[in-house]
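Reviewing the structure listed below.
The values are calculated or read from the model by the stated rules, or taken from the named source; none is laboratory data. All values reported here derive from a predicted model rather than from experimental measurement. Here the Cβ positions follow ideal geometry from the backbone for every residue, glycine too, while neighbour counts run over all protein chains shown.
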Amino acid sequence: MRAVERNVDEGAGLTAARLTALLTAFHAGDDALGVSELARRTGVPKSSVHRLIGHLVDQGLLEREAAAVRLGLKLFEIGQLATHQRGLVDAARPYLADLREATRNTVHLAVLEGTEVVYLDIVRGPDAPNLPSRIGGRFPAHATAVGKAILAFSPAPAVEKVIAAGLPRTGPRTITAPGLLRRNLAKVRSTGLAQEREESVVGVICVASPLLDPQGTPRAAISLSGWSNRVRADRVAPAVRTTALTLSRTLS
């Protein structure tokens, strides 16, 4: 009996893993993908992809378009619920908008998930570069100011997890040495401000500060991004830090 239950659990786990792989196979800029492309990206057999697509379409998680499928609106609805349940985006939006208006640069709100940051909200500035970041998008935490702002106040295991996963280069000045990253995070912890200059994108500078709860645990971080040859970190840093402190108190 236990062997049967174990086999059922293993089968359910495999199906869940394949469903997750299919939904996360879509990348930024993708519209509709066919069965062959989904099979190539996920490593799941075409026959299984075809069968699983049927289940996902029935649930509204995928939508058919000719011989291909695209992500369904049901996923958008779920994502909106996940964000608004925390109340973070709604609470932060006025502060992000004020910071954008004061600087005319792009402001981000992000959280740490594993070794990456996930962008919950972005208020784009008219004088800022066209950044690859998008709401719901991810980026390696070590290569972003928001990621370093959060990691600097996170428990040591969170930092070690990022380092153990490797520190891939995403920009011309990405920190790829563990020792250098640790020293950088120590500085961020002492000042409450994180910076990155062309660590994630060529020609872009970013200044970030964490949103801390009353116990000093990072809940998220906000950042301001602009052209590295136009934005002076020392001039915008006080505004970023003040916004983060004020929002932290509001959330508490």
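Looking only at the stretch 19-69, filter to residues that are of a type in the set (Gly, Ala, Ser) and closer than 22 Å to Val118 by Cβ; which one of those is surrounded by the fewest Cβ atoms within 10 Å (Cβ to Cβ)?
My answer is Gly29.
Would you point out which residue out of Gly179, Gly203 is within 22 Å of the chain's Cα centre (by Cα) and more than 13 Å from Ala141 (Cα to Cα)?
Values: Gly179 fails: within 22 Å of the chain's Cα centre (by Cα).
The unique qualifying residue is Gly203.
Collect the residues in the stretch 167-182 that are among the aliphatic types (A, V, I, L, M) and crowded, with 16+ Cβ neighbours inside 10 Å, keeping them in residue-number order.
Correct list: Leu167, Ile175, Leu181.
Determine whether the stretch 22-33 contains at least one residue that is modelled with pLDDT of 90 or more, within 27 Å of Pro132 (Cβ to Cβ) and over 21 Å from the mean Cα position of the chain (by Cα).
Yes.
Do we have Gly136 as at positive phi and free of Cβ contacts under 8 Å to residues at least 24 places away in the same chain here?
No.
Among the residues of the stretch 83-135, which ones are of a type in the set (D, E, K, R) and in contact with a strand residue (DSSP E or B) (Cβ under 6 Å, 6 or more places away or on another chain)?
Answer for the stretch 83-135, where residues must be of a type in the set (D, E, K, R) and in contact with a strand residue (DSSP E or B) (Cβ under 6 Å, 6 or more places away or on another chain): Arg100, Glu116, Asp121, Arg124.
So, restricting to helices (runs of 4 or more DSSP H) that lie completely within the stretch 149-252, which ones have at least 2 residues that are farther than 24 Å from Arg93 by Cα and at pLDDT 95 or above?
It comes to 156-164, 178-191.
Is there a residue in the stretch 39-51 that is within 24 Å of the chain's Cα centre (by Cα) and at pLDDT 90 or above?
Yes, there is a match, as at least one residue in the stretch 39-51 is within 24 Å of the chain's Cα centre (by Cα) and at pLDDT 90 or above.
Filter the stretch 135-148 down to residues that are assigned to a loop (DSSP other than H, G, I, E, B) and of a type in the set (Gly, Ala, Ser) and give me whichever is surrounded by the most Cβ atoms within 10 Å (Cβ to Cβ).
Gly137
So which residues in the stretch 206-226 are surrounded by fewer than 24 Cβ atoms within 10 Å (Cβ to Cβ) and either on the phi > 0 side of the Ramachandran plot or within 16 Å of the chain's Cα centre (by Cα) (or both), if there are any at all?
Listed by number, the residues that qualify are Gly216, Pro218, Arg219.
In the set Val89, Val69, Val57, which member is β-branched (Val, Ile, Thr) and under 22 Å from Leu251 (Cα atoms)? Spell out the reasoning first.
Working: Val69 fails: under 22 Å from Leu251 (Cα atoms); Val57 fails: under 22 Å from Leu251 (Cα atoms).
After ruling out the rest, the residue left standing is Val89.
I'm trying to understand the selection: among the residues of the stretch 149-166, which are surrounded by 16 or more Cβ atoms within 10 Å (Cβ to Cβ) and of a type in the set (Gly, Ala, Ser)?
Within the stretch 149-166, Ala149, Ala152, Ser154, Ala158 meet the criteria.
On the given criteria, is Leu185 without any contact (Cβ under 8 Å) to a residue 40 or more places away in the chain and surrounded by 16 or more Cβ atoms within 10 Å (Cβ to Cβ)?
Yes; evaluated as a whole, the condition is true for this residue.
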